[in-house]
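Trainee: Have a look at this one before I ask anything.
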Amino acid sequence: MHVLRPSAGVAPVLLVLGLLVAGGPVQASPATSRAPAVAQAAHVGQPCAPGEGVTVVIDYGDLAATVDDPIAVSCAPGAQASGLTALTNSGNPYMFHPRFPGFVCSINGVGDPSTCLSPGWTYWRGVPDGEWTYSSSGAGATTPGVDTVEGWRYQTSGTTNLPPAVGPSVPIVFDDVAGTTFQADIEWLVAAGITTGYDNGDGTVSFRGSQAVLREQMAAFLYRFEHDGANPPSSAPSATFSDARTNTFTKHIAWLAGEGVTTGYPDGTFRPSAPVLREQMAAFLYRLAGEPDFTPPATSPFADVPTTSTFYREITWLAEQRVTTGYREANGATTFRGAQPVLREQMAAFLNRFDELPSER
């Protein structure tokens, strides 16, 4: 699994929107405004592995509502002859302005080729663990090397160019995720900056999807989910729970309590190392969503969740939103198994689905 982390601390650059060349148009044949045929990308949906090629990030920006995924990440194998070649070889077809060949106006069919000079697509470059830099050369004049990152973002307003919302970073490769049921959800979780997994100390990194989510981990997951993958600043307060004041995730836990997502236990503890039960997870997500107005069904959708259950409203709300579908048992019954710990791979799926709710967009 490979990941690009959210862009942070990038200084804005004042340039004319839509002009992808600060020093003049990119070189292109004046006879055509269409890009070459799309080549086979090494990866579509994830960055390059180290030494594999050039990672290309497409941030649809102000036109994100017109596509299924607001940010597309893919890999062009090997070094690239130009930024335009990187687009083509990463599986991202583009078109130039019909009257001004060299100005990229449409990527993957997004953007109007006839009215794109300003605003429009902006072109950025970066290296792993670095920051985005607005390109001073046109995309046809650059020569992206292996392990570099190319970025594009579309803007329809404003006077300050914004870089892609995810920035260059060292890829994370999990050794226990490929081929698993929740692979796509786990890849999303990492790409969102919500988890980095476990360092095994031997050069490998694992996600450990079949392990339970601990309460301290849940605090970290939910904080990063709500803050675009960032962790709390050093100035953030520590938790006041008696057993969480010096915890590694004390600031995440303090935020969780401050938001009313958790109240801890009556004895004043948070119990950071205890597993999160599935019914508790439902309560956390319901509260994180702002406790939306919801009338629980008169008949429970789950055979093991009576209408008198403490978390009946929260669990049925989660089911109503299709964040959970529960378990289909051998006897045909559908259960929720609220008293079981929520697994890390399950939490990846729950958060991915939760992120798609209208209230979270």
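Trainee: Could you check the stretch 55-82 and list, in sequence order, the residues that are closer than 19 Å to residue 132 by Cα and in a helix (DSSP H, G or I)?
Mentor: Passing the criteria: 61, 62.
Trainee: Would you check which residues across the stretch 255-267 are in contact (Cβ under 8 Å) with a residue 24 or more places away in the chain, of a type in the set (A, V, I, L, M) and part of a helix (DSSP H, G or I) and list them?
Mentor: Of everything in the stretch 255-267, just one residue is in contact (Cβ under 8 Å) with a residue 24 or more places away in the chain, of a type in the set (A, V, I, L, M) and part of a helix (DSSP H, G or I), namely 256.
Trainee: Which condition number in (1) on the phi < 0 side of the Ramachandran plot; (2) surrounded by 19 or more Cβ atoms within 10 Å (Cβ to Cβ) is the one that residue 355 fails?
Mentor: The single condition residue 355 does not satisfy is (2).
Trainee: Let me ask something else about it. From (1) at negative phi; (2) free of Cβ contacts under 8 Å to residues at least 60 places away in the same chain; (3) outside any helix (DSSP H, G or I), pick out the condition that doesn't hold for residue 179.
Mentor: Of everything listed in (1) at negative phi; (2) free of Cβ contacts under 8 Å to residues at least 60 places away in the same chain; (3) outside any helix (DSSP H, G or I), residue 179 misses just condition (1).
Trainee: I'd like the full set of residues that are outside any loop (DSSP other than H, G, I, E, B) and among the hydrophobic types (A, V, I, L, M, F, W, C), limited to the stretch 311-361.
Mentor: Going through the stretch 311-361, the residues outside any loop (DSSP other than H, G, I, E, B) turn out to be 312-320, 327-328, 334-335, 341, 343-355, 358-360.
Matches in the stretch 311-361: 315, 317, 318, 319, 343, 347, 348, 349, 350, 351, 354.
Trainee: Quickly run through the stretch 204-254 and pick out the residues that are surrounded by 15 or more Cβ atoms within 10 Å (Cβ to Cβ), charged (D, E, K, R) and either touching a Lys or Arg at 6+ places or on another chain (Cβ under 8 Å) or not in a helix (DSSP H, G or I) (or both).
Mentor: Within the stretch 204-254, 208, 215, 228, 243 qualify.
Trainee: If residue 140 meets every condition in (1) part of a strand (DSSP E or B); (2) modelled with pLDDT of 90 or more; (3) touching a Leu at 6+ places or on another chain (Cβ under 9 Å) apart from one, which number is that one?
Mentor: Residue 140 satisfies all of (1) part of a strand (DSSP E or B); (2) modelled with pLDDT of 90 or more; (3) touching a Leu at 6+ places or on another chain (Cβ under 9 Å) except (1).
Trainee: Could I ask something else about it? Those residues that are surrounded by 16 or more Cβ atoms within 10 Å (Cβ to Cβ), over 15 Å from residue 283 (Cα atoms) and among the β-branched types (Val, Ile, Thr), I need them from the stretch 298-334; list them, please.
Mentor: 334
Trainee: Next question, about the same structure. Quick one: in the stretch 268-301, which of the residues that are free of Cβ contacts under 8 Å to residues at least 12 places away in the same chain and farther than 22 Å from residue 334 by Cα is nearest to the chain's Cα centre (by Cα)? Spell out the reasoning first.
Mentor: Applying the first criterion (free of Cβ contacts under 8 Å to residues at least 12 places away in the same chain) to the stretch 268-301 yields 291, 293, 295, 298-299.
Cutting the leftovers down to farther than 22 Å from residue 334 by Cα gives us 291, 293.
On the way: 291: 24, 293: 28 Å.
The selected residue is 291.
The values are calculated or read from the model by the stated rules, or taken from the named source; none is laboratory data. Note that the structure is a prediction, hence the values are computed from the model and not measured. We place every Cβ from the backbone using ideal geometry, glycine too, and count neighbours over all the protein chains shown.
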